[in-house]
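Working notes, structure below.
The values are calculated or read from the model by the stated rules, or taken from the named source; none is laboratory data. In this text, all values refer to a predicted model and were calculated from it rather than measured experimentally. Using ideal geometry, Cβ is built from the backbone for each residue, glycine included, and neighbour counts are taken over all protein chains shown.
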Amino acid sequence: MSTLTSSFGLALDLIAQWDSDVMHVVGLSLQVSGTACLIGALIGFWLGAWLAVARFPGQPAVVWLLNTLLALPSVVVGLAVYLLLSRGGPLGSLGILFTPTAMVIAQSILVVPLIAALTRRLVIDGLAEGGDQLRSMGAGPLMAALLVLLHERLALLTILLTAFGRAVAEVGAVMVVGGNINGVTRVMTTSIALETSKGDLPLALALGLLLLGVVGAINLLIGWMQPREASITVQALA
């Protein structure tokens, strides 16, 4: 019990003192996950909107694959990116393995299915409510889907925050492609795993508390936005 108490106290001291090593790890985590989510959003929003209205042979299979990828383990994503970027891989000449860029690529791949699947469901529900009106105004299927997304901006932000929470809390992909190099590719989750194995519990606990704070802040923001979104919708219908 004394070990836990002392470790917790030292962890709080590290946070209060804005320890440079801790802040660098936190900053890199936010940078990598934030960039990955923005890239994932550019792909996932368009993919989800298109899949909501597209009709082509094999479309059910594509939707099934998309939903299956929601449960894809992050280490599998990391392995796939590692094979692509390794020296013998097709993109090995880029020389970006074990860099933050590789970590961004891995996390982008990880969040695209989540963003696309949630966006597809959002568009389907939106078209069920107002699709006839949009079509009567001459909007084509894809244009109608994009107009739904434009109207549901708060819902899109909620999706983006959900994806960020998924990215910032994962450890497998960034560990595989980043290598957990001190001062270069070490983020909160990989640092927690490393410092725990080394026995540096105060540092691991400090990073764990900060990670919990980031995820908790995201959930609070999502919770705050949901009733606000409902209020805006009611006002628009009034």
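Data for the structure
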{"quantity": "Test: residue in the stretch 139-151 that is in a loop (DSSP other than H, G, I, E, B) and at pLDDT below 85", "calculated": "yes"}
{"quantity": "Residue pairs meeting the criteria (Cβ under 8 Å; at least 6 apart or on separate chains; first within 14 Å of LEU157 (Cβ to Cβ), in the stretch 109-120; second of a type outside the set (A, V, I, L, M, F, W, C))", "calculated": "ILE115/GLY40; ILE115/GLY44; ILE115/GLY48; LEU118/GLY48; LEU118/THR162; THR119/GLY44; THR119/GLY48"}
{"quantity": "Residues of the stretch 59-86 classified as under 17 Å from LEU114 (Cβ atoms), small (Gly, Ala, Ser) and assigned to a helix (DSSP H, G or I), total", "calculated": "3"}
{"quantity": "Tally, over the stretch 154-199, of residues that are outside any helix (DSSP H, G or I) and either under 17 Å from MET103 (Cα atoms) or at pLDDT 95 or above (or both)", "calculated": "12"}
{"quantity": "Yes/no for PHE56 being more than 26 Å from THR189 (Cα to Cα) and assigned to a helix (DSSP H, G or I)", "calculated": "no"}
{"quantity": "So GLY130, is it farther than 22 Å from VAL171 by Cβ, outside any loop (DSSP other than H, G, I, E, B) and in contact with a helix residue (DSSP H, G or I) (Cβ under 8 Å, 6 or more places away or on another chain)", "calculated": "yes"}
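Here is a yes/no grid of residues against (1) surrounded by 14 or more Cβ atoms within 10 Å (Cβ to Cβ); (2) free of Cβ contacts under 8 Å to residues at least 60 places away in the same chain; (3) closer than 13 Å to VAL177 by Cβ; (4) out of contact with any helix residue (DSSP H, G or I) (no Cβ under 8 Å at 6 or more places or on another chain):
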{"site": "THR5", "(1), (2), (3), (4)": "no, yes, no, yes"}
{"site": "MET23", "(1), (2), (3), (4)": "yes, yes, no, yes"}
{"site": "PHE45", "(1), (2), (3), (4)": "yes, no, no, no"}
{"site": "GLY78", "(1), (2), (3), (4)": "yes, no, yes, no"}
